[in-house]
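Encoded as structure tokens, the structure appears first; notes follow it.
The values are calculated or read from the model by the stated rules, or taken from the named source; none is laboratory data. Given the structure is predicted, the values throughout are model-derived calculations rather than measurements. Quick reminder, even Gly has a Cβ in these numbers, built from the backbone with ideal geometry, and neighbours come from all protein chains shown.
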Amino acid sequence: MIEALKKDAAERMAKCVAALRVEFKRMRTGRASTSLLEHLKVDYYGSDVPLQQIANISIEDARTLVISPWEKTMVGPIEKAIHKSDLGLTPMTAGTVIRVPLPPLTEERRRDISKVVRQDAENARVSIRNVRRDVLTDIKELLKEKEISQDDERKAQEDIQKLTDRHIGEIDQQLAAKEKEILQV
């Protein structure tokens with residue numbers, strides 16, 4: 001019973017860390033990354049579709065992304081989606097190819113992005129702590145119903161805390177790496 005709770009907690013905490021990793025990939029740093037545009041939704045014949053489903057996104061050089069739509073008619077809607085996004089990018093069209101140059105980040109913009117990254121990391125930490133709280137509540141219920149002993153409860157609490165500390169450590173490592181990447185000129 002306790003092992004199932006621990007396993008569930010480990011899976012849920014790992015999902016929190018993985019979600020943070022995905023969020024960090026979307027954050028803009030000094031160099032071009034296809035993950036910057038992958039989440040954009042484009043109007044495709046009346047329905048919003050992720051950009052990567054209607055076009056090929058590639059990196060031309062360190063500061064330029066290239067989008068090659070599979071249909072010529074999608075160039076306009078893709079440009080519109082990039083303009084509407086909060087990324088602050090200006091696409092340039094050359095026939096059926098869209099180039100998206102990434103302007104260099106200013107020091108102020110780097111600090112702003114760093115603040116957002118820290119906030120995302122804190123939200124992930126809170127999620128992990130919520131998982132810990134839920135599991136500890138379940139363990140206390142088992143103790144109250146006399147399905148486990150006090151020693152088992154104490155051991156389970158220690159194991160859950162170790163699991164929590166390990167996952168929060170992973171988040172801190174990701175945060176440090178992302179901040180270093182952002183602040184690198």
Can you name every residue in the stretch 75-109 that is touching a Ser or Thr at 6+ places or on another chain (Cβ under 9 Å) and not β-branched (Val, Ile, Thr)? Gly76, Glu79, His83, Arg99, Pro101, Leu102, Pro103, Leu105
Report the residue count in the stretch 149-171 for those that are of a type in the set (Asp, Glu), surrounded by 13 or more Cβ atoms within 10 Å (Cβ to Cβ) and within 26 Å of Phe24 (Cβ to Cβ). 1
For the structure I just gave you, tell me whether Leu36 is more than 30 Å from Glu147 (Cβ to Cβ), modelled with pLDDT under 85 and assigned to a helix (DSSP H, G or I). yes
Got a number for residues in the stretch 93-115 being hydrophobic (A, V, I, L, M, F, W, C) and either over 26 Å from Ser58 (Cα atoms) or at pLDDT 90 or above (or both)? 2
Check off (1) in a helix (DSSP H, G or I); (2) surrounded by fewer than 15 Cβ atoms within 10 Å (Cβ to Cβ) for Lys146 and give me the number that stays unchecked. (1)
Any residue in the stretch 65-72 that is farther than 30 Å from Ser149 by Cα, of a type in the set (Ser, Thr, Tyr) and without any contact (Cβ under 8 Å) to a residue 12 or more places away in the chain? no
Applying the selection to the stretch 58-100, what residues are β-branched (Val, Ile, Thr) and either closer than 12 Å to Val42 by Cβ or in contact with a Phe, Trp or Tyr (Cβ under 7 Å, 6 or more places away or on another chain) (or both)? Ile67, Thr73, Val75, Ile78, Ile82, Ile98
Under 6 Å between Cβ atoms, at least 6 apart or on separate chains: pull out the pairs that start in the stretch 115-144 with a residue that is among the hydroxyl-bearing types (Ser, Thr, Tyr) and end on any residue that is surrounded by 14 or more Cβ atoms within 10 Å (Cβ to Cβ). Ser127/Cys16
